[in-house]
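Enquirer: The structure is given below, and queries will be raised subsequently.
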Amino acid sequence: MLRYADFLRRGLGEYGHSMEVIHPSALVGRLVSRSSPLFKWLGYIDKFLLFPLWLRTKAAKFDLVHICDHSNSCYLRWTGGTPSLITVHDMLAIRSALGDFPQNPTGPTGQRLQRWILKGLGGAKHLVCVSWKTKQDLEAFIRSKPEITVIHHSLNWEYGPVSQMEISRVRRASGLEPDDEYLLHVGGNQWYKNRLGALKIAFELRKHARFRRVKIVMAGKPWTEGMRSFCRENSFDDAIEFVNPSNEQIRALYSGALAFLFPSLEEGFGWPILEAQACGCLLITSNRPPMTEVAGSGAIFIAPEDAVGAARTIADGFDEAEAIKQAALKNLNGFATDLVMQNYNDAYTSVVVDVRAAR
């Protein structure tokens, strides 16, 4: 979220806004080492006792306070009379805490935290959602009727095609041979990323003649035991684990891949969709929002929990790969940084004007 906040600071500076990014700092927490059992609790003093006081002092000096992460909605009450808005990135943790996702149970402490966050969102008068799907989810859980604006993300790094030399270098680093064709998946081990599902889809896809020798590179966090077990039990030696690649390496992997496989079950937005499209990589993603919303017509859409059916859909649609890539490039126009910044500029202006008019 600090990266997102700095992205807004730099972009909106071009509109003449003077912006400052603040966040809880380790003050009391510095009194002990990070390994101390007291570190966590002293950190709570910094986050929930000292930072709110600092925020209130700061807020009085600015025209607007933007809480860039909905999980910090508790800070809304400390903005005083300064106009404010909150960006809601997704409702996944809140929905998990309320029992929407049995596959992702939340403990009692987590449930209380998410209810606290939801209560904070319910007190906001102005909210930004990063997708129409997130807006729909939000409206299902808050009783208030705030002003909600949908502003999509844009790319937050320089993703785009790279040279064959760079692709070759990263191929070697990931364990690929020069002539290997591969699918790519990028993501962590959150339940909704469906990484095991991606392996199953790749395994089933290899049963189709065109893809018999295709490998899959799983870039991100170390594999779960479930992923390792699947590969062992199915002798799937052509699944490659690539832990914590850099942005530059991911960009090269996108650029050299046969396709990017993104069978997420849920997302708030889905940044990798735009990253793959920007690199000219064929996108394969889930036939559910917000993936359909973000990808536009620039993807092959699959049922993410049906590996056999997904593989068949990919094989049937692969002949249209070049047309889909062209549609993807056009789709990116709707997520241009300039457009995003203009939308935020308009949102900031609207919030300030509305609050001042109400006074």
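The values are calculated or read from the model by the stated rules, or taken from the named source; none is laboratory data. All figures in this text were calculated on a predicted structure; none of them were measured in a lab. Cβ sites come from the backbone with ideal geometry, for glycine too, and all protein chains shown count toward neighbours. Protein only, heavy atoms only, side chains kept; ligands, DNA and RNA dropped before computing areas. Shrake-Rupley method; radii C 1.70, N 1.55, O 1.52, S 1.80 Å.
Enquirer: Pro272: under 16 Å from the mean Cα position of the chain (by Cα), within 22 Å of Leu176 (Cβ to Cβ) and not charged (D, E, K, R), yes or no?
Expert: Details: under 16 Å from the mean Cα position of the chain (by Cα): yes; within 22 Å of Leu176 (Cβ to Cβ): yes; not charged (D, E, K, R): yes.
In short, yes.
Enquirer: Of Ala26, Ala5, which residue is open to solvent by less than 60 Å² (accessible area, probe 1.4 Å) and assigned to a loop (DSSP other than H, G, I, E, B)?
Expert: So the residue among Ala26, Ala5 that is open to solvent by less than 60 Å² (accessible area, probe 1.4 Å) and assigned to a loop (DSSP other than H, G, I, E, B) is Ala26.
Enquirer: So His17 passes all but one of these: (1) part of a helix (DSSP H, G or I); (2) modelled with pLDDT under 90; (3) under 21 Å from Glu147 (Cβ atoms). Which condition number does it fail?
Expert: All conditions pass for His17, except number (1).
Enquirer: If you check Glu177 against the conditions, is it within 29 Å of Met341 (Cβ to Cβ), surrounded by fewer than 16 Cβ atoms within 10 Å (Cβ to Cβ) and of a type outside the set (Lys, Arg)? Spell out how you get there, then give the answer.
Expert: Details: within 29 Å of Met341 (Cβ to Cβ): no; surrounded by fewer than 16 Cβ atoms within 10 Å (Cβ to Cβ): yes; of a type outside the set (Lys, Arg): yes.
No: the conditions fail for Glu177.
Enquirer: Give the residue that is surrounded by the fewest Cβ atoms within 10 Å (Cβ to Cβ), with candidates limited to residues of the stretch 147-167 that are in contact (Cβ under 8 Å) with a residue 40 or more places away in the chain, under 24 Å from Trp132 (Cα atoms) and not aromatic (Phe, Trp, Tyr).
Expert: If we take residues in the stretch 147-167 being in contact (Cβ under 8 Å) with a residue 40 or more places away in the chain, under 24 Å from Trp132 (Cα atoms) and not aromatic (Phe, Trp, Tyr), then Glu147 is surrounded by the fewest Cβ atoms within 10 Å (Cβ to Cβ).
Enquirer: Gly188 versus (1) within 18 Å of Glu275 (Cα to Cα); (2) surrounded by 14 or more Cβ atoms within 10 Å (Cβ to Cβ): which is the lone unmet condition?
Expert: Single failed check for Gly188: (2).
Enquirer: Could I ask something else about it? Kindly list the number of the only condition in (1) surrounded by fewer than 23 Cβ atoms within 10 Å (Cβ to Cβ); (2) among the aromatic types (Phe, Trp, Tyr); (3) more than 18 Å from Pro178 (Cα to Cα) that fails for Phe242.
Expert: (3)
Enquirer: Please specify each residue of the stretch 62-77 satisfying the condition of being of a type in the set (A, V, I, L, M) and within 12 Å of Trp116 (Cβ to Cβ). Spell out the reasoning first.
Expert: Step one: of the stretch 62-77, the residues of a type in the set (A, V, I, L, M) are 64-65, 67, 76.
Selection gives Leu76 alone.
Enquirer: Can you give me the number of residues within the stretch 301-320 that are open to solvent by 10 Å² or more (accessible area, probe 1.4 Å), in contact (Cβ under 8 Å) with a residue 40 or more places away in the chain and aliphatic (A, V, I, L, M)?
Expert: Number of matching residues: 3.
Enquirer: Hey, could you check the stretch 287-326 for residues that are in a helix (DSSP H, G or I) and of a type in the set (S, T, N, Q) and say which is farthest from Trp271 (Cα to Cα)? Spell out the reasoning first.
Expert: Here is the first cut: in the stretch 287-326, the residues in a helix (DSSP H, G or I) are 291-295, 307-326.
Now narrow it down to the ones that are of a type in the set (S, T, N, Q): 292, 313, 326.
Numbers: Thr292: 13, Thr313: 23, Gln326: 19 Å.
Restricting to residues being in a helix (DSSP H, G or I) and of a type in the set (S, T, N, Q), the top hit is Thr313.
Enquirer: Can you tell me which of (1) without any contact (Cβ under 8 Å) to a residue 12 or more places away in the chain; (2) assigned to a helix (DSSP H, G or I); (3) within 28 Å of Glu241 (Cβ to Cβ) is the one Ala93 doesn't meet?
Expert: Result: Ala93 passes all but (1).
Enquirer: Which numbered condition in (1) within 19 Å of Tyr75 (Cα to Cα); (2) open to solvent by 90 Å² or more (accessible area, probe 1.4 Å) is the only one that Met19 fails?
Expert: (2)
Enquirer: Additional query: For Ile67, are the conditions met, namely being under 15 Å from Ile142 (Cβ atoms), among the β-branched types (Val, Ile, Thr) and within 19 Å of the chain's Cα centre (by Cα)?
Expert: No, not satisfied.
Enquirer: Would you tally the residues in the stretch 207-222 being open to solvent by 30 Å² or more (accessible area, probe 1.4 Å) and either under 22 Å from Glu275 (Cα atoms) or under 20 Å from the mean Cα position of the chain (by Cα) (or both)? Working first, answer last.
Expert: Within the stretch 207-222, the first condition is being open to solvent by 30 Å² or more (accessible area, probe 1.4 Å), and the residues that meet it are 207-210, 212-213, 215, 221-222.
Next cut, either under 22 Å from Glu275 (Cα atoms) or under 20 Å from the mean Cα position of the chain (by Cα) (or both) only: 215, 221-222.
Within the stretch 207-222, residues that are open to solvent by 30 Å² or more (accessible area, probe 1.4 Å) and either under 22 Å from Glu275 (Cα atoms) or under 20 Å from the mean Cα position of the chain (by Cα) (or both) number 3.
Enquirer: Now for a different question. Which of the residues belonging to the stretch 66-83 are under 14 Å from Met19 (Cα atoms) and open to solvent by less than 20 Å² (accessible area, probe 1.4 Å)?
Expert: Of everything in the stretch 66-83, just one residue is under 14 Å from Met19 (Cα atoms) and open to solvent by less than 20 Å² (accessible area, probe 1.4 Å), namely Ile67.
Enquirer: Also: So Asp63 passes all but one of these: (1) in a helix (DSSP H, G or I); (2) under 26 Å from Lys125 (Cβ atoms). Which condition number does it fail?
Expert: Condition not satisfied by Asp63: (1).
Enquirer: Among the candidates Leu329, Leu274, single out the residue that is within 30 Å of Tyr15 (Cα to Cα), in a helix (DSSP H, G or I) and open to solvent by 60 Å² or more (accessible area, probe 1.4 Å). Give the derivation first.
Expert: Numbers: Leu274 fails: open to solvent by 60 Å² or more (accessible area, probe 1.4 Å).
It is Leu329.
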